[in-house]
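Heads up: the structure comes next, in structure tokens.
The values are calculated or read from the model by the stated rules, or taken from the named source; none is laboratory data. It should be emphasised that the depicted structure is a prediction, and the values quoted were computed from it without experimental measurement. When we count neighbours, we look across all protein chains shown, and the Cβ atoms used for this are built from the backbone with ideal geometry, even at glycine.
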Amino acid sequence: MAQIIAIANQKGGVGKTTTAVNLAASLAILKKRVLLVDMDSQGNATMGSGVQKNDLLYSVTDVLLGEVPIETAIQKAEVGYKVLGANRELAGVELAIAEQDGREFILKNALQEVASSFDYIIVDCAPSLSLITVNALAAVDGVIIPMQCEYYALEGLADLTQTIDRIQKALNPNLEIIGVLRTMYDARNALTRDVSAELEQYFGKKLYDTVIPRNIRLAEAPAHGLPVIYFEKSSKGAVAYLNLAAEMLKKSKVKKGSAV
Ligand SMILES: Nc1ncnc2c1ncn2[C@@H]1O[C@H](COP(=O)(O)OP(=O)(O)OP(=O)(O)O)[C@@H](O)[C@H]1O
Ligand SMILES: [Mg+2]
């Protein structure tokens, strides 16, 4: 069964989509079967995986509206993993499902149908706590939180952990923080180092050792519809996301081992 992971943070522009796309690609390179689900109407994860968001025959919208089975809407991409794409139609789903019974669990139920075909399902979330994001958080085993090491990141922390606690209590008892990832990291910057130290104190072992440096290739690759590893495989960004995938696999092995 797939481990299902949301990449989430209510704060915008912290590297959620960059992490979703490049973690998916790195896990695929490490021979894992991966599905990337785009739960943001901006469709950035879709485009960043080389799938044209405006040419989608079916998208995650159709799945949430119950119009097609999830298998039909999943796209084969040329980036080593499969994609359940999104575009701006997703913005209209919220109203359409608002009154429906079990509205928080539509994605969860759909993903269960394909969970045995993948090792990892990565869900890219929008920077908001809409019913769409709630569907994502209700569907996953855990969350990876990308964070930029700046002062405002710490301010948003309490909000974020509170949100995760609330959803865990109300909708998804299994929901946990799998890991916290430092993105756009600049070790030369004193503030980065200070914030980083605070994150270490707050999250302890949940803070990944791997940090993602600020790297221009990571920002350029999406314009080519490619994860960075296919755009420039020796770039610092590509190496960092491969390291992250390896660290994640190692940690989940240790965890599984200790559970036996
Ligand atoms: N490590 C990095 N180095 C350089 N640029 C980066 C890095 N990570 C992300 N970026 C760039 O920063 C911007 C925001 O990143 P991204 O879209 O991944 O964030 P997001 O959290 O998904 O944003 P949103 O909240 O809008 O969904 C993008 O232009 C992206 O290319
Ligand atoms: Mg995004």
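Summary of values
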read-out	value
Single condition K233 does not satisfy, out of (1) surrounded by fewer than 16 Cβ atoms within 10 Å (Cβ to Cβ); (2) touching a helix residue (DSSP H, G or I) at 6+ places or on another chain (Cβ under 7 Å); (3) of a type in the set (K, R)	(2)
Residue that is surrounded by the fewest Cβ atoms within 10 Å (Cβ to Cβ) [pool: residues in the stretch 19-43 that are closer than 17 Å to E78 by Cα and under 9 Å from the mean Cα position of the chain (by Cα)]	L23
Per-region count, the stretch 166-214, residues part of a loop (DSSP other than H, G, I, E, B), surrounded by fewer than 14 Cβ atoms within 10 Å (Cβ to Cβ) and under 21 Å from the mean Cα position of the chain (by Cα)	2
Residue count for the stretch 107-126, restricted to those that are within 18 Å of D62 (Cα to Cα) and either β-branched (V, I, T) or more than 16 Å from ligand 1 (Cβ to nearest atom) (or both)	9
Scope the stretch 126-147; condition in a loop (DSSP other than H, G, I, E, B) and either closer than 30 Å to R193 by Cβ or not charged (D, E, K, R) (or both); matching residues	A126, P127, S128, L129, S130, V140
Among (1) more than 28 Å from L27 (Cα to Cα); (2) crowded, with 21+ Cβ neighbours inside 10 Å; (3) modelled with pLDDT under 95 - the single one Y152 does not satisfy	(2)
Test result for V239, part of a helix (DSSP H, G or I) and within 16 Å of ligand 1 (Cβ to nearest atom)	yes
Tally, over the stretch 16-45, of residues that are away from ligand 2 (no atom under 11 Å from the Cβ) and free of Cβ contacts under 8 Å to residues at least 60 places away in the same chain	2
Any chance I144 is away from ligand 2 (no atom under 16 Å from the Cβ), in contact (Cβ under 8 Å) with a residue 60 or more places away in the chain and either of a type in the set (S, T, N, Q) or in contact with a strand residue (DSSP E or B) (Cβ under 9 Å, 6 or more places away or on another chain) (or both)	no
Residues located in the stretch 44-63, provided they are of a type in the set (S, T, N, Q) and surrounded by fewer than 24 Cβ atoms within 10 Å (Cβ to Cβ)	N44, Q52, N54, T61
Among the residues listed as V83, V60, V51, the single one being out of contact with any Asp or Glu (no Cβ under 8 Å at 6 or more places or on another chain), within 16 Å of ligand 2 (Cβ to nearest atom) and among the β-branched types (V, I, T)	V51
Complete set of residues in the stretch 64-91 that are surrounded by 15 or more Cβ atoms within 10 Å (Cβ to Cβ) and more than 25 Å from G102 (Cβ to Cβ)	Q75, A77, V79, G80, Y81, K82, V83
